[in-house]
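Data first, discussion second: the structure below is written as structure tokens.
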Amino acid sequence: MSTDADDTSETERMEKIDVRVPSTVLDAIESEYPRRGYSSRSEAVRDALRNWLNPSPELSEEILADLLESRKQREAGETVSAAEARERLGLDDSDE
């Protein structure tokens, strides 16, 4: 979630636009924006537009395959905890 204070500079001028949406979409926005922590419908829509312009990167097929393999290794008991790995490698936690 973004806030307006974080995303607009003092010199950036806000412009008003008119957008028509189906009433079901507007009803969903009305019920959802406070639940997600937005102070207004406009703030939520601005944030959605910013996300549309700058989408989050998607995970590649290679990374997804690596994550799946990692999960299989964990479920098969082929992994160790970070503490156990530090102990096996002789790393001392007291220096942290």
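For region 29-58, residues that are free of Cβ contacts under 8 Å to residues at least 12 places away in the same chain, over 20 Å from Ile17 (Cα atoms) and surrounded by 11 or more Cβ atoms within 10 Å (Cβ to Cβ) total 1.
Take the residues in region 81-96 that are modelled with pLDDT of 85 or more and of a type outside the set (D, E, K, R), then tell me which one is nearest to Arg71 (Cα to Cα). Step through it out loud before you land on a result.
Going through region 81-96, the residues modelled with pLDDT of 85 or more turn out to be 81-91.
From what is left, the residues that are of a type outside the set (D, E, K, R) are 81-83, 85, 89-91.
On the way: Ser81: 14, Ala82: 16, Ala83: 19, Ala85: 18, Leu89: 23, Gly90: 26, Leu91: 26 Å.
Top of the filtered list is Ser81.
Any idea how many residues of region 39-96 are under 30 Å from Asp27 (Cβ atoms) and assigned to a helix (DSSP H, G or I)? Final tally of qualifying residues: 13.
The values are calculated or read from the model by the stated rules, or taken from the named source; none is laboratory data. This one's a predicted model, so the numbers in the text were calculated from it and none came from an experiment. A quick note on method: Cβ atoms are made from the backbone with ideal geometry, for glycine too, and the neighbour counts reach across all protein chains shown.
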